[in-house]
Amino acid sequence: MTVGAGSNPGAPTGLGVRPSRAPDPRRLTFLALALPAVAALALLIVVPLLFMVALSFRPDLRGELLSPFVPTLKHYEQVAETFSYWRLLGISAGMAAIVAFVATAAAFPLAYFLAFRAGRRAGLYLILLLVPFWTSYLLRVMAWKLMLGTEGVINSGLSSLGLIDEPLDALLYNRNAVVVTLIYVWIPFATLPILAVLGRIDIRLHDAAADLYSSPWQQFRRVTLPLAVPGLAAAFLMVFIPTVGEYVTPLLVGGTGGSMFGNIIQDFFVRAANWPLGAALSVIMLATTLVLVVVGLRIVKPRRLLGI
Amino acid sequence: MRSRPETLLRAAVVMCVMALIAACAAPGSSTSPTGGPATAGPATPGPTTAPATETPPDQVTGELLVLDWTGYDAADFWIDFKNKYANATATFEFGGSDADIYGKMKAGSQADVFHPYTGWLQFYVDEGMVEEIDTTKLKNWDKVPDSFKALGQFNGKQYFIPWDWGFSSILYRTDHIATVDSWSVLLDPKYKGHLSMWDDGPGAVTVSSYIHDYDETSITDAQLAAIKAEWTAQAPLNKTYWAAETDLIPLVQSDEVWAAYAWQGAYATLLGQGVPVAYANPKEGRNSWVGVYGIRKGTPNLDLALRFLDEKLADATSTNLPALYYYGSANSDVMGAITDASLKAAFGIDDPSILKTTNFTPNLTAEQRDAWTAMWTEVKAAQ
């Protein structure tokens with residue numbers, strides 16, 4: 001945020017230093033520092049993305065992978081004609097919306113606690129929140145298999161309490177299991193952008209609200225919550241976007257009926273050797289997610305989000 | 001008040017990014033279809049001019065890259081090569097399915113040797129991705145029955161050498177199902193929630209073809225539509241589809257799955273664990289498949305690759321295949337020497353009628369592959 005401030009101890013730090021007022025060497029330093037990241041992004045994300053788009057117009061996999069070909073729309077036509085793909089895309093977007101909403105809602109109290117109530121122990125609590133990430137994602141999802149399985153923790157717990165005779169089959173291998181697992185996975189991630197925003201709220205606003213006889217609920221409703229909206233929106237999008245294309249979690253806990261759109265894309269690459277069709281599905285998913293995000297931002301009034 | 005949460009946040013973001021990288025790396029490394037060879041390519045080309053028999057084994061050097069299925073990298077499955085050629089090495093990269101292996105070879109894998117299965121061989125030949133094999137250089141070639149040799153022959157040339165084989169049939173728990181005499185048990189609503197089909201389009205077409213007596217090599221559009229409807233209705237009956245044998249075995253063991261499409265390796269494993277299971281001889285016949293090894297066209301390690309394939313067929317390696325994985329070997333000397341009762345049962349060695357009614361897996365055309373896999377994806381998407 002304060003580029004080059006360290007080299008000039010006398011200069012005022014903080015947001016007061018505008019890039020436009022910075023002398024040229026600083027701008028060069030900034031460009032030099034940004035270059036590796038920009039180059040890496042271009043090379044590792046933009047180029048493969050273009051390759052994917054090109055692949056989606058390729059008739060089939062025959063011949064050399066980089067050989068020229070006559071572009072065709074047949075894969076897009078095939079997708080357009082297949083209702084079940086669109087239905088699944090809708091289901092995946094719906095699941096992602098539920099996961100993002102619940103994870104964000106559950107993360108908000110956590111972030112609130114860390115920002116305003118945890119005091120000196122906030123660092124420790126934050127580390128505890130992130131402890132699950134020290135282990136593999138696959139292991140954490142496998143752990144949910146142990147929780148939800150027929151002989152899992154929940155079933156054996158309930159049956160030892162005498163509450164059920166037969167194990168509950170409906171816990172694992174369906175979309176509910178996928179949603180529950182994804183919510184669990186995302187809550188710590190969703191906490192971070194909210195915490196970032198809450199941490200920036202001037203605590204004196206609360207004092208001012210109290211001086212003006214607002215109740216704690218009113219303080220929260222009229223001061224904290226509106227100021228937290230950008231963080232909540234960021235958290236929601238951060239969860240929603242990757243979840244639309246999720247495939248590992250449904251593969252492990254979704255079972256036959258729990259597939260998401262990402263799974264059929266994966267199938268066309270790994271189980272069908274039909275990369276062009278898989279690429280076409282990927283392009284469609286990317287476009288749909290973009291449209292949903294743009295529409296979503298319109299609905300929650302981007303100007304208010306960015307104006308803060 | 002302002003600076004502290006931000007410092008914490010910065011630390012948190014760093015940790016998250018690290019976690020994300022770790023999370024992405026784990027599944028990606030094994031399944032990424034675009035991932036190139038995970039290990040270094042061939043180092044020193046072997047002496048390609050000298051006949052295989054003339055160089056003393058300890059003077060053969062080089063590094064061979066093998067694209068194989070997980071588990072076959074264990075030294076037990078190439079022990080003859082390892083012992084004989086102490087100064088040559090074999091490294092492995094992995095594919096999770098035939099489509100995956102084909103995709104990796106397509107994407108320019110530098111593997112010298114790769115391991116596809118019957119059904120998925122024609123494309124490699126058609127697209128010039130596989131080297132013709134000079135079988136006169138294979139000392140163990142005579143141990144392979146002619147019927148197996150024929151599976152690797154295209155246009156009168158030997159492109160693949162057969163190595164492992166097995167059945168596909170219905171594995172079932174005898175404490176829940178008295179007997180299974182037809183593939184149609186996999187579609188029986190009576191066992192809703194206790195079935196498990198293999199997650200594979202061509203596999204589903206095969207099962208339907210057996211049940212309805214379709215000609216598997218010329219499925220019509222109408223038949224494919226009927227097959228799609230059949231498996232769409234079947235999908236809710238599954239506990240879950242299975243993708244790897246290691247997914248299926250615990251499901252049967254824990255009594256969650258009572259009947260499943262299965263390879264006999266799963267049957268033999270469960271039998272060994274004392275689980276009450278049987279392996280059906282359906283009236284439509286079992287399915288049988290054969291795994292083969294091919295050499296990548298243009299490999300600089302042709303000589304070493306041939307030596308590797310020859311030692312794959314040698315006795316110690318071939319004995320380990322049925323002994324450890326319960327799969328058949330293409331080495332008929334080894335198969336004839338099997339005495340273990342559960343293995344004999346698994347291969348139907350004492351019951352020649354099983355082999356007589358067995359349906360061998362025909363090779364797919366590229367059109368069939370694309371149509372059948374798309375059919376299966378639509379079945380899964382419709383759930």
For region A:254-270: of the residues being more than 9 Å from every other protein chain (Cβ to nearest Cβ) and under 22 Å from A:R140 (Cα atoms), which is surrounded by the fewest Cβ atoms within 10 Å (Cβ to Cβ)? A:G262
Only one of A:I154, A:I127 is at the interface with chain B (Cβ under 10 Å from one of its Cβ atoms) and either part of a loop (DSSP other than H, G, I, E, B) or among the β-branched types (V, I, T) (or both). Can you tell me which? A:I127
Among the helices (runs of 4 or more DSSP H) lying completely within region B:52-165, list those that include at least 3 residues that are within 14 Å of chain A (Cβ to nearest Cβ). B:98-106, B:122-126
Among helices (runs of 4 or more DSSP H) entirely inside region B:298-355, those with 2 or more residues being β-branched (V, I, T) are B:315-320
Give A:A273, A:A280 a once-over and let me know the one that is of a type outside the set (S, T, N, Q), part of a loop (DSSP other than H, G, I, E, B) and crowded, with 24+ Cβ neighbours inside 10 Å. A:A273
Among the listed residues B:D80, B:D126, B:D112, identify the single one that is of a type outside the set (F, W, Y), surrounded by 17 or more Cβ atoms within 10 Å (Cβ to Cβ) and under 28 Å from A:R62 (Cβ atoms). B:D112
For residues that are surrounded by 18 or more Cβ atoms within 10 Å (Cβ to Cβ) and more than 27 Å from the chain's Cα centre (by Cα), scanning just region B:174-197, find the one that is nearest to the other protein chains (Cβ to nearest Cβ). B:Y191
Check off (1) within 24 Å of the chain's Cα centre (by Cα); (2) within 30 Å of A:G152 (Cα to Cα); (3) of a type outside the set (A, V, I, L, M) for A:T256 and give me the number that stays unchecked. (1)
Residue selected from region B:45-63 under the condition in contact with a Pro (Cβ under 9 Å, 6 or more places away or on another chain) and modelled with pLDDT under 50, by the criterion farthest from B:N301 (Cα to Cα): B:T48
Please list, ordered by first then second residue, the pairs with beta carbon atoms under 7 Å, 6 or more apart or interchain, first in region A:60-82 and away from every other protein chain (no Cβ under 13 Å), second modelled with pLDDT of 95 or more and assigned to a helix (DSSP H, G or I). A:Y76/A:A280
Flag if B:S318 is under 20 Å from B:T246 (Cα atoms), among the hydroxyl-bearing types (S, T, Y) and more than 14 Å from chain A (Cβ to nearest Cβ): no
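Matching residues to (1) charged (D, E, K, R); (2) touching a Lys or Arg at 6+ places or on another chain (Cβ under 9 Å):
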{"site": "B:A150", "(1), (2)": "no, no"}
{"site": "B:N155", "(1), (2)": "no, no"}
{"site": "B:D164", "(1), (2)": "yes, no"}
{"site": "B:Y172", "(1), (2)": "no, no"}
{"site": "B:P189", "(1), (2)": "no, no"}
{"site": "B:G193", "(1), (2)": "no, yes"}
Look through B:A330, B:A346, B:A374 and report the one residue that is more than 21 Å from B:S168 (Cβ to Cβ), in contact with a helix residue (DSSP H, G or I) (Cβ under 8 Å, 6 or more places away or on another chain) and of a type in the set (A, V, I, L, M). B:A374
If we keep just the residues of region A:187-240 that are within 12 Å of chain B (Cβ to nearest Cβ), within 13 Å of A:A107 (Cβ to Cβ) and β-branched (V, I, T), which is surrounded by the most Cβ atoms within 10 Å (Cβ to Cβ)? A:T191
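The values are calculated or read from the model by the stated rules, or taken from the named source; none is laboratory data. All of these numbers come straight from a predicted model, not from anything done at the bench. All Cβ positions, glycine included, derive from the backbone under ideal geometry; neighbour counts span all protein chains shown.
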